[in-house]
Structure formats: C-alpha cells, structure tokens
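Shown next, in structure tokens, is the structure this report addresses.
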Amino acid sequence: MIRDEIETLPREELEQLQLERLQATLNRVYRNVAFYRRAFDEAGISPERITSLEDLKLLPFTDRETLRRSQPYGMFALPLREVVRLQTTSGTTGDPIVVGYSRNDVEHWTELMARSLAAAGVGKEDVVQIAFDYGLFTGALGFHYGAERIGATVIPSSRTPPEKQIEIMRNYRTTVLACTPSFALEIAEAIRGSTLSPAELSLRVGIFSAEPWPEEVRREIEEALRITAFDCYGLGEVMGPGVSVECEHKNGLHIFEDHFIAEVIDPRTGEVLPDGEVGELVLTTITKEAFPLIRYRTGDLTYLIREPCPCGRTTVRMGRVMERTDNMIVVRGVSLFPSQIRRVIASIEGVEPRIRLVVDESSGVPESLEVQVEVSEGVFTDDVGKLVRLEGRMKEMLEGELGIPVEVRLVEPRSLSRDVEIVRLRRRT
Ligand SMILES: [Zn+2]
C-alpha cells in the first residue's frame, strides 16, 4: 500500500506545518477578501493574533449562506486572471456555488486525489473507469486527474447508462470503478438483470463519493460487483472529493491534514466538541489560493478519531458522514438524528425502515416526538394486538435510547415516500 511520506509525519511536525500554512492563509484572506477582513475586524482578531492551532476557534465561521451572498466572485482571493478553472457545487442543498482554482489549487487537488486512490490500493496497473458526470460538478475531474497522476489508465465513461458502463467494463477490463454509491447500485442492479456474471469482469476496487452510503449499501455493492469498496469524502465548496479517504482498515476516513484543518462543533452553540462526539464538521483550507475557506461549516455530521491507525498514517480520521445538520431535531434540549432512531428500530425489525418524524414546535420548545414507522406487509396483516405490542416495544426502546418521551405509530407499507421525512409543526403567526 502506497502512503505519502507526509501522511506519516510525527504529529508535532504535522501540526507545525499546519500552523505555518494557516497563518499564511489568514494573512492572504485578510488582505484579499473583503468578507474576511470585515469578519475578522468585527471579531477583533487580526491574523497575527493566531499563534497556535488552538487559536483557530477564535475565528468566525463561514457557511453556505456566506458563499451564496458573495456569488459569483466575492470570496475569491485571487483575480480571475490567476484562476485557471471554475467548477460548482452539485446544488443538492440549494443553488450551486461557483468555486475557483488557481494552477496550484488544481495541482494540490490532483495530488490529493492521487493519494486517495493510492490509499484504496489503486496503482499504475489499474484501469480506472470514471462514471461521474463530467460537468461543472467536481467528482469526475477530481478522480480523472488523480488517476492519471498515479499512472493508471483512465476511462472517462461519464454518466452513460449502466448497461453501457458494464459493456465498457467488460470490453476494456476495468479494474477500478469510481462513481456515486447510488450509481454503483444501479450498475449492480443492471448486472443482476443481465446474463453477465460479475466473474466475467476484472473489477476489484470501487471508490465512491458525493453521497452518504450506509454499511448495508457497502456490503450490497461489494457482493454484487465482487469488489472492495472505499469511501472518499469531499465537498465542492472546499475543493471536491479528496478531503479524506478510507485506508485498507476502513475504520474512518483519514483527513488530508496537510491541506485541511478539521474541527467538529456543536451545531447549536458553535462550541468545539471533544474527539469522538458527533457534531458538525468544520473545515479550514490551508493551501488553497483562489477560494480559501476559514472555518467553513460543512453541514455534515461526523466525529473525529485520533487513535493511531494500523496503516501507520498519523492523520486524524473522521467517521463516515451519514447525515446533515439540517436533519437534526432538538426535543427537550436533546439533539437527535433520524439515523439514531432508524438504528434502534432496526435492532427490532432487522432492517432500517422508512420513518417520518413529527416534531411539535408550536409551543416554541418541542416537548415530544412522534415517530411514524413504515412496517412490512406481513406485519400489517397480523392481529391488532401484535401491532400494539410492537408499537409499545419500539416506544420503550426509543425512550430508553433517546431519553425523551416518544410516541410511536406504525404506518402501512408504501405510505412514506422517503427514508426519512421530518415534519415540524410550527406556531401559527
Ligand atoms: Zn489507516
């Protein structure tokens, strides 16, 4: 397994490097981006005041709203003549945000994607099929440049239909597939529906990005395509894929800390949380030139892991992102996430069901939570007594786990349209 030397630096050296790069970045944004100059001035903090990584928490946050208000070029720290590429975020959570890259930014991104692919065991002998959409969105070109950098053979298959992808895979003996996990599932589905056996393919590794995908989906993709599947995290605002990646131990994603500083905060108070606690991931870029971000609130929920990894990398890891802060519910001062609730129900039902969460916020402070759970066909045809008992059991388990009052209501199969739906009953004004 290939590791970049910088990924195994002693912590002290790595943190010294981070501090130097942070200070240079702060000076640059203070000089060149009106938003940061104003924000730092308002907070009464000059870049010189930041003399340790600890001091980072003194700086104000930026978020998607900041970026949206500064569109298109308000957050650029370089003039356009020094920007060599524009890309945008996918726009899944609002209007797309335009992001610029200098020549060095593209170079760093390429290097990080090469390191991501290397962590997943991809090398120059591999044939890498890139089934991300080649467009303004960052997935395709990120993987493309990274794979070329390690000397692999790249097939830019883009987002052609699954049948076509499979044909390319078979004919050109693809060994690595890069795409979104949901598209990998579509490809797996198409293989199942064809006469082709996965044994006829040469695939061995999948590296997936741009969406949350639970462990069940990983297992399903791995079995259907007979590959080992890796998670690669990133986001368009910050760079694209290549912020962090799993190594062969798949025990969290190693953050490329020579380019990013990660913090996890309580999304309600903004306070930095200790390692291991789930909160919102905040990223600071420390090498980006055209579009640097200071304390950017990603909206993604995760936790940090600092225990050493058997792979030898010394970098901090983050848990796999399964949820966004938009999904957080606060009941009686307790922060809850739909994934927690689905996991509890899965421990009874065996599968994670579709749920609808109804939070009554009409009194200002939500006091209770109603959980509607979609049950399978078999359950609903059974006698009423059994249903009531099941509801009671779920209520008991959820209340035990969450520590707040919960009402559970079982609903008929196919009555919910999404895995998770949150309904907030608000006060009428
Ligand atoms: Zn590792």
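Some observations on this one:
- Projected area averaged over orientations for the chain, convex hull of C-alpha atoms, nm²: 23.2 nm²
- Per-pair calculated FRET efficiency, R0 = 51 Å: Asn32 and Glu349 via Cβ, rounded to 0.05: 0.40
- Compared with the alpha-carbon gap, the fully stretched path from Arg219 to Ser417 is longer by 68.9 nm at 0.36 nm per residue.
- Working note: Karplus 6.51/-1.76/1.60 with θ = phi - 60° gives the range 95-100 the couplings 4, x, 10, 8, 10, x Hz, where Gly and Pro are set to x.
- Anchor Lys57: lysines whose Cα lies under 27 Å away (excluding residues fewer than 8 positions away in-chain): Lys288
- Estimated FRET transfer efficiency (Gln23, Arg103; beta-carbon r; R0 25 Å; 0.05): 0.65
- Charged-residue dipole, Cβ positions (Lys, Arg, Asp, Glu), the range 1-324 about Cα centre, Debye nearest 20: 760 debye
- The calculated P(r) of the range 68-124, using every Cα pair and 5 Å bins from 0, goes 4, 17, 19, 18, 16, 15, 7, 4, 0 in percent.
- A Stokes-Einstein calculation at 10 °C with viscosity 1.306 mPa s, built on the Kirkwood radius of the range 328-425 over Cα pairs, returns a diffusion coefficient of 117 µm²/s.
- In this simple spin-label model, placing a label point 7 Å from the Cα along the Cα-to-Cβ direction at both Leu86 and Gln71 gives a separation of 1.2 nm.
- Taking amide H atoms as placed 1.01 Å from N in the peptide plane, the amide H of Ser90 lies under 5 Å from those of Gly236, each 5 or more residues away in sequence or on another chain.
- Normalised size of the range 169-263, defined as Cα radius of gyration per 2.2 N^0.38 Å with N residues, equals 1.17.
- Volume per residue for the range 94-136 equals 116 cubic angstrom (convex hull of Cα atoms).
- Report note on the peptides 57-70, 178-191: ranked by the mean count of other C-beta atoms within 10 Å, highest first, their order is 178-191, 57-70.
- Modelled FRET efficiency - R0 35 Å, Glu54 with Asp326, Cβ distances, 0.05 increments: 0.75
- q = 0.11, 0.21 Å⁻¹: log10 I(q)/I(0) that the Debye formula gives for the range 238-349, counting C-alpha atoms only: -0.39, -1.19
- Between Ile207 and Leu177, Ala178, Cys179, Phe230, the built amide H atoms are under 5 Å apart, and every one of these is 5 or more places off in sequence or on another chain.
- Of the peptides 193-199, 324-330, the order by per-residue mean of other Cβ atoms within 10 Å, starting with the highest, comes out as 324-330, 193-199.
Every read-out reported here was derived from the displayed coordinates using simple, explicitly stated rules and does not represent laboratory data. Predicted, not measured: the structure shown is a model, and the values here were computed from it. Quick reminder, even Gly has a Cβ in these numbers, built from the backbone with ideal geometry, and neighbours come from all protein chains shown.
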